[in-house]
Amino acid sequence: MALRNWTKILMAALLCFAVAGTAVAATSGKKPAKPKAGKYKGTTRQVKPENGKHFGIKFKITKNKSTGVRTIKNVLTTTRDKCPSGAFLRVTQNAFKSDDLNSKGRFKLTAGDSQQPAVLKGRVIGGKASGKLSDTSFSQDVGEFCHASTKWKASRVKPKH
């Protein structure tokens with residue numbers, strides 16, 4: 001009699017695991033939310049030495065009404081490039097051109113020339129965005145190329161009504 005009860009308990013447990021496994025598999029195939037149009041604001045991982053706060057990043061995502069294509073534009077941020085000598089160079093990053101996001105919400109923006117490139121890569125899902133920013137700039141003060149690389153994240157600013 002006791003063996004029969006244990007068999008029932010074991011069968012019930014296996015059934016629960018099977019149902020839970022099916023639920024997990026069903027949710028993992030879910031498509032990510034499309035990028036929301038609007039203004040985005042966030043921070044990079046780089047810190048300002050004068051106050052310990054992270055550098056900000058902001059940009060805009062627009063949606064073409066006829067095609068539905070999302071575009072990133074008006075990027076503004078700052079990098080703190082480190083030079084081989086140990087000096088630092090603060091660079092305002094505002095020369096990125098606008099570009100369309102791909103079907104997965106990914107983008108890659110570039111600015112500058114081949115010797116002094118700035119690259120902003122990222123992905124926008126719903127109202128959240130994140131990615132990586134890198135820069136190489138020549139410092140006239142120390143006469144050398146300085147580099148920065150940092151991660152960033154931003155969220156859509158809810159419009160005021």
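The values are calculated or read from the model by the stated rules, or taken from the named source; none is laboratory data. In this text the structure is predicted, and so the values were computed from the model without any measurement. Just so you know, the surface numbers come from the protein's heavy atoms only, side chains and all, with ligands and any DNA or RNA stripped out. Shrake-Rupley method; radii C 1.70, N 1.55, O 1.52, S 1.80 Å.
At a 1.4 Å probe radius, carbon and sulfur cover how many percent of the accessible area of the range 63-161? For the range 63-161, the apolar C and S fraction of the accessible surface comes to 47 percent. In square nanometres, what is one fourth of the surface area of the convex hull spanned by the alpha carbons of the range 30-161? For the range 30-161, averaging the hull's shadow over all directions gives 9.9 nm².
With every protein chain kept in the model, how would you rank Arg106, Arg70, Arg45 by accessible area, 1.4 Å probe, largest at the top?
Per-residue accessible area, sorted high to low, gives Arg45, Arg106, Arg70.
Going by accessible surface with a 1.4 Å probe and the largest first, Phe107, Phe138 read Phe138, Phe107. Separation of the range 26-87 from the range 130-153 is 16 Å, based on Cα centroids. Protein heavy-atom accessible surface, 1.4 Å probe, per residue over the range 65-118: 63 Å².
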